[in-house]
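Below you'll find the structure, written out as structure tokens, and then a few comments.
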């Protein structure tokens, strides 16, 4: 029965969109967005310039954290009727620190098809160009603003893998103070902002060094903070990140 439903039903596509540079969208993403019956966008106002630029004229509906619980049932209904639907976020891959998880889970529960396209995600270039170990890492995204924040930082204080965080401009300096408190001022870090855009910036050094930089420079754009994991014996290759 599940196989029959899948054949007759539509498919949910998760389509990554550029995090800044419009050239980073894939040919396949453009084709899917032009072929689906409707597009779900985190913010239709944000997505409008992208869709207009690539002459994508499909119906667009808002799908964000404030309405996703109510919208799921209707989306499931559309899929069962055979409509193909694309989900996009304001930038990057849906469900990565953006709405999408709830919808994907419910679509799968209904034995309907889900397909995620590969594409832009801010933390990947930030991690790769940080110069910090990337063979093993943990993606933390946005930490809780209040409840559970300090508990999570304390839990991560012994994490040996490279850690990746997202943070907003108005909270960045406070966040760096929190990291210094829990990980030490000399812990190696790298901060990327405005990735793929004209004013992209990647700052590397110890936590205190990157904090000093952003105390004196622009706090604007989206920030990705990459933090070295705990290590008792840094290798010679990593020595430049550690201050004796």
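Rounded to the nearest 5, what % of the DSSP beta bridges within the chain are antiparallel ones?
Values: 17 of 36 bridges.
Percent antiparallel among DSSP bridges in the chain is about 45.
Percent of Cα pairs in region 2-116 per distance bin of 5 Å, from zero to the largest separation: 2, 12, 25, 26, 19, 11, 4, 1, 0. Counted over region 2-116, the DSSP beta bridges are approximately 5% antiparallel.
Per-residue Cβ neighbour counts within 10 Å put 66, 182 in the sequence 66, 182, beginning with the fewest.
The label point for residue 216 and the one for residue 55, both projected 7 Å from the Cα toward the Cβ, are 5.0 nm apart. Normalising the average separation of contacting C-alpha pairs (under 8 angstrom, six or more residues apart) by the number of residues puts the relative contact order of region 14-128 at 40 percent.
What ranking do 151, 44, 162 get, fewest neighbouring Cβ atoms within 10 angstrom at the top? Display every interim value, and only then the final one.
Numbers: 151 10, 44 15, 162 22.
Listing 151, 44, 162 from fewest to most nearby Cβ atoms yields 151, 44, 162.
Can you give the percent of C-alpha pairs in region 123-241 whose distance is more than 25 Å? The proportion of pairs with Cα distances above 25 Å equals 15 percent. Could you calculate, for the chain, the ratio of the Cα radius of gyration to the Kirkwood radius, expressed as Rg to Rh? Result for the chain is an Rg/Rh of 1.04.
All of the numbers you see were taken from the coordinates with simple rules; none came from a lab. In this text the structure is predicted, and so the values were computed from the model without any measurement. Positions of Cβ are backbone-derived with ideal geometry, glycine not excepted, and every protein chain shown enters the neighbour counts.
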